[in-house]
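In what follows, a single structure is set out as structure tokens and then discussed.
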Amino acid sequence: MPAMLDAVVVGAGPNGLTAAVELARRGFSVAVFEACGTVGGGARTEELTLPGFRHDPCSAAHPLGVNSPVFRTMPLDRYGLRWLHADLPMAHPFTDGTAAVLSRSVAETAASFGPRDAGTYRRLVEPFVPRWDTLLRDFMSLPSTALPRDPVTLARFGLAGLPPATWLLRRFRDERAKALLSGLVAHVIAPLDGLATGAVGLVFALAAHARGWPVVRGGSQSLSDALAAYLKDLGGAVHTDYEVKRLDDLPPARAYVFDTSPAALARIAGFGHHYESYRYGAGVFKVDYALDGPVPWTAKEARAAGTVQVAADHEEIGTALHAASRAGRAPEVPFLITVQPSTVDPTRAPDGKHVFWAYGHVPNGWSGDLTDAIERQLERFAPGFRDRVLARATAGPPQLAARNANYVGGDIACGAASGLQLLLRPKLSLFPYNTPHPAVFLCSSATPPGPGVHGMPGHNAAKAVWRHLHRTPAGRAAGERVAGERTEKRA
Ligand SMILES: Cc1cc2nc3c(=O)[nH]c(=O)nc-3n(C[C@H](O)[C@H](O)[C@H](O)COP(=O)(O)OP(=O)(O)OC[C@H]3O[C@@H](n4cnc5c(N)ncnc54)[C@H](O)[C@@H]3O)c2cc1C
């Protein structure tokens, strides 16, 4: 390790690793320090239940990962990353045995909403489909990290997405579209009547039409391992089992980049009350299952989907979200997000067996047990589910927070996705990656564009860091070295 590093990154989640890669590939010396024994943060894989059953304790479905503007610039396939697609990205079954679907095809999705809503859906999403890559990059670079490449499409998207999701739902007449779209908004635990929640639903839908909602072959850990291996090839170092409690725990560096919660950063860097107004949101209660066979969904579409949303209608989703995020109680009938990776990835479970996860929303810090309510809800849509359970591993807010300090009170979004904080986080600032100290930066999902495994907060923060480093003589020298190597390669 050089006596003075260019950058030290605290936390090896998708955003910490992305920030480190982005700096290393611009010629800066980087070392990452991670509290856990393995890299990955919210993108890991473990045998949580029985031998041979490989579960993703956190993220499993990757609509934002496969579409990520920054991951798509990295040669992660060379380091073992393989996206695996189910026949359908997502399905939303109903109690009558039918389902609405989110398909790669806009037409198939629209048709599943029924004749009264099919045209409305097509008119809503079709203008954005051909411009998706530019739109996503522009959207994920807000508020100020890059000038929009297509400001007109971004503005049109803003008109459709900035109002609350409840406004978007009013365009639809039947339950099928309303339930599926409400469920999409709930993926970031946003209240349906919150500002810009329409955009959340649209982003997930457009992501499916563009590149699907895949899982990672071997588990989400393979994505993190690919990022770490690429980083090491670029000369970066990764240190695990190293919890950072004070800045003094870290080696000398020109910049410090934190893939942590704002509260942890303030504690470690001594920023006092700087992030005190930052709010954490509802938590989740998650169950990982080892199953004797596939989930016996009544709806055939659910059997063909990677992700399945579980709620009878959009009101059930709204009530469950309201209970967990506003009323401070666990929902009696939880809205479930479920993923069934082994339907497409045979490496996850022994022959004929399956891994499956489901979570519902609960109040921040809640310490009860939602298992029975989750399984009662599953039985409504997949009768006989309980008979297939070989083993289960449960994790509520206290366990999730103990596993990863970023999930404060079990909030898997590392900060409430409500009010202005959905878009402008962790403070109302055009420079959200900067902190009170000019050499300290924040890159976790508490910064824009927020939660999910896509690395864009890490990429955006790295830009702020390399601007800072270029202002120092050593930073300029690193930049000139890379520019020189590129010219040599071109010659
Ligand atoms: C149950 C669950 C299901 C999810 N499902 C999905 C999904 O299907 N798809 C999806 O896209 N997203 C999903 N997510 C969200 C996704 O995992 C996160 O948004 C994403 O991982 C955030 O990345 P990050 O790098 O900001 O932080 P994290 O992934 O949380 O990583 C932060 C890292 O920093 C480390 N760290 C924290 N403090 C310190 C310290 N003081 N010293 C050293 N290291 C420290 C942590 O140990 C951790 O490894 C899910 C999350 C959970 C918990």
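Can you say whether Thr134 is assigned to a helix (DSSP H, G or I) and under 30 Å from Gly360 (Cα atoms), as far as the supplied structure shows?
Details: assigned to a helix (DSSP H, G or I): yes; under 30 Å from Gly360 (Cα atoms): no.
Spelling it out, it is not the case that Thr134 is assigned to a helix (DSSP H, G or I) and under 30 Å from Gly360 (Cα atoms).
Would you confirm whether any residue within the range 11-32 is acidic (Asp, Glu), near the ligand (Cβ under 6 Å from one of its atoms) and in the same structural domain as Ala255 (by TED's automatic domain parsing)? Spell out the reasoning first.
Here is the first cut: in the range 11-32, the residues acidic (Asp, Glu) are 22.
Subset that is near the ligand (Cβ under 6 Å from one of its atoms): none.
No, the conditions are met nowhere in the range 11-32.
Looking at the range 169-185, is at least one residue outside any loop (DSSP other than H, G, I, E, B), crowded, with 18+ Cβ neighbours inside 10 Å and in contact with a Lys or Arg (Cβ under 7 Å, 6 or more places away or on another chain)?
Yes, some residue in the range 169-185 is outside any loop (DSSP other than H, G, I, E, B), crowded, with 18+ Cβ neighbours inside 10 Å and in contact with a Lys or Arg (Cβ under 7 Å, 6 or more places away or on another chain).
Please verify whether Thr343 is surrounded by 20 or more Cβ atoms within 10 Å (Cβ to Cβ) and either within 16 Å of the ligand (Cβ to nearest atom) or of a type in the set (S, T, N, Q) (or both), treating the condition exactly as stated.
Working: surrounded by 20 or more Cβ atoms within 10 Å (Cβ to Cβ): yes; either within 16 Å of the ligand (Cβ to nearest atom) or of a type in the set (S, T, N, Q) (or both): yes.
Yes, satisfied.
Report yes if some residue within the range 192-202 is in a helix (DSSP H, G or I) and within 10 Å of the ligand (Cβ to nearest atom); otherwise report no.
Taking the range 192-202 as the starting set, the residues that turn out to be in a helix (DSSP H, G or I) are 197-202.
Checking the rest, the ones that are also within 10 Å of the ligand (Cβ to nearest atom) come to none.
No: the range 192-202 contains no residue that is in a helix (DSSP H, G or I) and within 10 Å of the ligand (Cβ to nearest atom).
Take the range 33-65 and flag every residue that is over 23 Å from Leu442 (Cα atoms) and either more than 10 Å from the ligand (Cβ to nearest atom) or more than 14 Å from the chain's Cα centre (by Cα) (or both).
If the condition is that a residue be over 23 Å from Leu442 (Cα atoms) and either more than 10 Å from the ligand (Cβ to nearest atom) or more than 14 Å from the chain's Cα centre (by Cα) (or both), then Thr45, Glu46, Glu47, Leu48, Thr49, Leu50, Pro51, Gly52, Phe53, Arg54, His55 are the ones that fit.
Taking the range 423-460, which residues are among the small types (Gly, Ala, Ser) and near the ligand (Cβ under 10 Å from one of its atoms)?
Listed by number, the residues that qualify are Ser444, Ser445, Ala446, Gly450, Gly452, Gly455, Gly458.
In the range 359-399, which residues are surrounded by fewer than 19 Cβ atoms within 10 Å (Cβ to Cβ) and within 14 Å of the ligand (Cβ to nearest atom)?
Thr394, Pro398, Gln399
Give me a count of the residues in the range 186-224 that are in contact with a strand residue (DSSP E or B) (Cβ under 8 Å, 6 or more places away or on another chain), surrounded by fewer than 21 Cβ atoms within 10 Å (Cβ to Cβ) and over 30 Å from Thr240 (Cβ atoms).
0
Can Val215 be described as farther than 16 Å from Pro449 by Cα and within 16 Å of the ligand (Cβ to nearest atom)? Reasoning before the result, please.
Values: farther than 16 Å from Pro449 by Cα: yes; within 16 Å of the ligand (Cβ to nearest atom): yes.
For Val215, the condition - farther than 16 Å from Pro449 by Cα and within 16 Å of the ligand (Cβ to nearest atom) - is met.
Please find, among Ala416, Ala446, Ala402, the residue that is part of a loop (DSSP other than H, G, I, E, B), hydrophobic (A, V, I, L, M, F, W, C) and surrounded by fewer than 23 Cβ atoms within 10 Å (Cβ to Cβ).
Numbers: Ala446 fails: surrounded by fewer than 23 Cβ atoms within 10 Å (Cβ to Cβ); Ala402 fails: part of a loop (DSSP other than H, G, I, E, B).
So the residue among Ala416, Ala446, Ala402 that is part of a loop (DSSP other than H, G, I, E, B), hydrophobic (A, V, I, L, M, F, W, C) and surrounded by fewer than 23 Cβ atoms within 10 Å (Cβ to Cβ) is Ala416.
The values are calculated or read from the model by the stated rules, or taken from the named source; none is laboratory data. This structure is a prediction, so every number in the text was calculated from the model and none was measured. A quick note on method: Cβ atoms are made from the backbone with ideal geometry, for glycine too, and the neighbour counts reach across all protein chains shown.
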